[in-house]
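The block underneath contains the structure these notes are about, expressed in structure tokens.
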Amino acid sequence: MKICIVAEGCYPYAVGGVSGWINSMIKSFPEHEFVILAIVSERSEETKFAYELPDNVSAVYESYLNDLDWGRKPKTGRRTHLTQKQFKALRSVVLDREPEWNTLIELFQKTSISIDDLLMGADFLSIVEECYQRKYPQIVFSDFLWTMRSIYLPFFLIMKTKLPEADIYHCVATGYAGVLGSMAKYINGCGLIVSEHGIYTREREEEILKANWVGGVYKNIWIDQFRKMSYLAYDRADIITSLYSHARELQLELGCPAEKTYVVPNGITISRFENLYGKTVEDENYINIGAVVRVAPIKDVKTMIRAFTYAKSKMANLRLWIMGPDEKDGTYGEECRELVEVLGIEDVIFTGSVDVTQYLGRMDFTLLTSISEGQPLTILESFAAHKPVIATDVGNCRGLIYGEDGDTFGTAGILCHVMNVQEIAEAIRTLAYNPAKCEEMGNNGYNRVSTYFRVEQMRDTYENIYDAAYDNVYENISERWN
């Protein structure tokens, strides 16, 4: 079986929860061939692999959100006009009126139309004018027109992507990845699986609402576009997975058909965290706090540093280990290091990318202060190492720490509100002052992860999912030919 993994902004170029999950999934199925279709910003973006690719990965392809126009340029100096059918399909998508996706897919996959030509041509202008008159006549038209061009440029580039052949497309999100998977299913007749680690539409909505680069009604326009793309993936997918029950509920609220949905928790290799090295001589008299995070705004490392500073002012023998790489441009990482200097705080150690199994055994507990998460692998790894976790109340952190769905193993850490420095600092002090409680919580976490979150369980479930998607494709092909 040949499986195409479609991922946006992560594997194999960046480390982190979703990338780690993809790498683990590929290694779990050595009998299958995998190809990667990676969505990146542009060709000039650094493309050094952050992972050593498993042997069963045969190729890595890229799709760009910002690129030169490689389509046909008009030779006559006049711009190409769409056929009536194509115009109607593009209009249906822009106006969000029972979108005629198949015609639009054929336009980009089976013709050599220039994207620049289309965006600057009379057909797109006419559709945008109609959309403006119907929905947004109160704003400046020129601003609206250029916003629509900026929205549809990456969308059209994605739709023009050359699709590698595979038996199954497995998209690790909706959004642009889901569009690629939906096109592949229509063009190549493959199976389509969508696995959401976070709920893509909600995450983009949160980002846009907080963003400074877009304001007013334009925020709603961008949000509508992401919702539109996600619904396409929900509609076309054969199987849609989420990591925990509440995430599935959010999918249903967004229009995902219930009969397609399955909850498949993350899984880790528990044996990796057995027989870890304990504290060293230099760790004596220190309470070590580990934070296995990418140093990026969504992880809110600045709140972590401030909370640690407040806790350390009350308890001098605390030490914070921030274990993970900086985001690509490094700006946020530099700001975090500058914050440490400005606060004049000692014992904050930035390790960069490390093998966490070489460090977790030295930690007393771990810390996660994210403003958004799915089902964090770092919490599962901490539990596997018998370490309790302090985490913010995002994603499935509450369920992991307190248990859910009949889980009676007990509390495995402390849950805090997002960006609440004092509350997080008090949680740090609570665990630091209570080593017996810390050990008990760590054991509770170990029992939870070893019972519900083993990689073997995840593999068995996805083996059934892959077989179901493959069999459905085969049956459809048989029906078509017989």
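The values are calculated or read from the model by the stated rules, or taken from the named source; none is laboratory data. Since the model is a prediction, treat every value here as computed from it, not as a measurement. Reconstructed Cβ throughout: ideal geometry from the backbone, glycine too, with neighbour counts over all protein chains shown. Areas reflect the complete protein model, heavy atoms only, side chains present, ligands, DNA and RNA absent. Shrake-Rupley method; radii C 1.70, N 1.55, O 1.52, S 1.80 Å.
How many residues are in a helix (DSSP H, G or I) and either open to solvent by 30 Å² or more (accessible area, probe 1.4 Å) or of a type in the set (K, R) (or both) when one looks only at the stretch 126-174?
Matching residues across the stretch 126-174 total 13.
Pick out the one residue from K387, K437 that is crowded, with 24+ Cβ neighbours inside 10 Å and of a type in the set (K, R).
K387
Test R319 against the criterion of being basic (K, R), without any contact (Cβ under 8 Å) to a residue 40 or more places away in the chain and either surrounded by fewer than 16 Cβ atoms within 10 Å (Cβ to Cβ) or not in a loop (DSSP other than H, G, I, E, B) (or both), and give yes or no. Talk me through it step by step, then tell me what you get.
On the way: basic (K, R): yes; without any contact (Cβ under 8 Å) to a residue 40 or more places away in the chain: yes; either surrounded by fewer than 16 Cβ atoms within 10 Å (Cβ to Cβ) or not in a loop (DSSP other than H, G, I, E, B) (or both): yes.
The answer is yes for R319.
Picking from G175, G255, G216, which residue would you name as being on the phi > 0 side of the Ramachandran plot, small (G, A, S) and under 15 Å from the mean Cα position of the chain (by Cα)?
Every option except G175 fails the conditions.
Please indicate, with yes or no, whether at least one residue in the stretch 274-287 is in contact (Cβ under 8 Å) with a residue 60 or more places away in the chain, under 24 Å from V421 (Cβ atoms) and open to solvent by less than 20 Å² (accessible area, probe 1.4 Å).
Taking every residue of the stretch 274-287 in turn, none turns out to be in contact (Cβ under 8 Å) with a residue 60 or more places away in the chain, under 24 Å from V421 (Cβ atoms) and open to solvent by less than 20 Å² (accessible area, probe 1.4 Å).
Given the conditions (1) out of contact with any helix residue (DSSP H, G or I) (no Cβ under 6 Å at 6 or more places or on another chain); (2) touching a residue at least 24 places away in the same chain (Cβ under 8 Å), and given that P137 satisfies all but one, which numbered condition is not satisfied?
Of everything listed in (1) out of contact with any helix residue (DSSP H, G or I) (no Cβ under 6 Å at 6 or more places or on another chain); (2) touching a residue at least 24 places away in the same chain (Cβ under 8 Å), P137 misses just condition (2).
In the stretch 179-199, what count of residues is obtained for those that are part of a helix (DSSP H, G or I) and open to solvent by 10 Å² or more (accessible area, probe 1.4 Å)?
Matching residues across the stretch 179-199 total 4.
All but one of (1) under 30 Å from T451 (Cα atoms); (2) in contact (Cβ under 8 Å) with a residue 40 or more places away in the chain; (3) part of a helix (DSSP H, G or I); (4) open to solvent by 50 Å² or more (accessible area, probe 1.4 Å) hold for Y310, so report the exception by its number.
All conditions pass for Y310, except number (1).
Could you look through the stretch 25-56, keep only residues that are in contact (Cβ under 8 Å) with a residue 40 or more places away in the chain and open to solvent by less than 30 Å² (accessible area, probe 1.4 Å), and pick out the one that is farthest from N464 (Cα to Cα)?
I39
I'm trying to understand the selection: among the residues of the stretch 209-227, which are of a type in the set (V, I, T) and buried (at least 18 other Cβ atoms within 10 Å of the Cβ)?
Here is the first cut: in the stretch 209-227, the residues of a type in the set (V, I, T) are 214, 217, 221, 223.
Passing the criteria: I221, I223.
I need the full set of residues from the stretch 297-307 which are among the aliphatic types (A, V, I, L, M) and surrounded by fewer than 21 Cβ atoms within 10 Å (Cβ to Cβ), in order please.
Within the stretch 297-307, I298 is the sole residue that qualifies.
For the structure I just gave you, tell me whether G121 is open to solvent by less than 10 Å² (accessible area, probe 1.4 Å), touching a Ser or Thr at 6+ places or on another chain (Cβ under 8 Å) and in contact (Cβ under 8 Å) with a residue 40 or more places away in the chain.
Spelling it out, G121 is indeed open to solvent by less than 10 Å² (accessible area, probe 1.4 Å), touching a Ser or Thr at 6+ places or on another chain (Cβ under 8 Å) and in contact (Cβ under 8 Å) with a residue 40 or more places away in the chain.
Residues of the stretch 1-24 being open to solvent by 30 Å² or more (accessible area, probe 1.4 Å), among the hydrophobic types (A, V, I, L, M, F, W, C) and within 21 Å of N266 (Cα to Cα), which ones?
The answer is V15, V18.
Does T76 satisfy being in contact with a strand residue (DSSP E or B) (Cβ under 8 Å, 6 or more places away or on another chain), of a type in the set (V, I, T), at pLDDT below 90 and farther than 15 Å from F156 by Cβ?
no
Within the stretch 359-374, take every residue that is modelled with pLDDT of 95 or more and open to solvent by 10 Å² or more (accessible area, probe 1.4 Å) and give me the one that is nearest to the chain's Cα centre (by Cα).
Y359
Looking at (1) open to solvent by 60 Å² or more (accessible area, probe 1.4 Å); (2) in contact with a Ser or Thr (Cβ under 7 Å, 6 or more places away or on another chain), which one does K328 not meet, given that it meets all the others?
(2)
Looking only at the stretch 183-199, filter to residues that are in contact with an Asp or Glu (Cβ under 9 Å, 6 or more places away or on another chain) and small (G, A, S); which one of those is nearest to W101 (Cα to Cα)?
A184
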